[in-house]
Amino acid sequence: MEKKIEFDEYQKEAYRLISEEGKKNLVLNGVLGLAGESGECADLVKKHLFQGHDLKKEDLVKELGDVLWYIAETASGLGVSLSEVARLNLEKLHKRYGGSAFSAEKSLHRTDE
């Protein structure tokens with residue numbers, strides 16, 4: 001059985017692995033890294049959908065890990081935990097959709113912005 005990793009445990013371990021240069025501006029390095037790694041995820045899916053490439057799940061999972069890394073770095077730079085980011089996000093979505101699944105109508109007519 002694979003070991004489950006808690007958000008905050010991951011964030012602490014990820015922080016230990018950030019270069020000293022990266023630690024000088026965690027937010028900037030984090031959001032720039034996030035943009036780059038998200039682009040790599042999008043590129044894998046684009047190549048699959050529009051260029052005939054096989055969608056390599058393992059490669060996409062690795063890129064998602066890189067996205068998570070930069071989310072953790074940005075959260076560290078903001079002084080918040082990943083569990084807090086996750087909790088606030090779920091609270092926002094539950095408020096927006098009334099505790100139910102996604103609704104195009106509620107998405108179009110948001111009251112939480």
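The values are calculated or read from the model by the stated rules, or taken from the named source; none is laboratory data. A quick note: this is a predicted structure, and the numbers were derived from the prediction, not measured. As a convention, Cβ positions derive from the backbone with ideal geometry for all residues, glycine included, and neighbour counts pool all protein chains shown. Accessible surface areas use protein heavy atoms only, side chains included; no ligands, DNA or RNA. Shrake-Rupley method; radii C 1.70, N 1.55, O 1.52, S 1.80 Å.
Before moving on, here are some points about what is shown:
- Length available on full extension from SER81 to LYS56: 0.36 nm per residue minus the Cα-Cα distance, which gives 5.9 nm.
- Averaged per residue, the stretch 38-107 has 68 square angstrom of accessible surface, using a 1.4 angstrom probe with ligands and nucleic acids left out.
- Computed in the context of the full set of protein chains, the accessible area of the chain at 1.4 Å probe radius has 58% of its extent on carbon or sulfur.
- Taking the chain as the region of interest, the number of lysine pairs whose Cα atoms are within less than 14 Å, with members eight or more places apart or on different chains, is 7.
- Shape category assigned to the chain from the gyration tensor of Cα positions, a/c cut at 1.5: oblate
- Using the Cβ of LYS3 as centre and a radius below 14 Å, the other residues enclosed give a net charge of -3, where K and R count +1 and D and E count -1.
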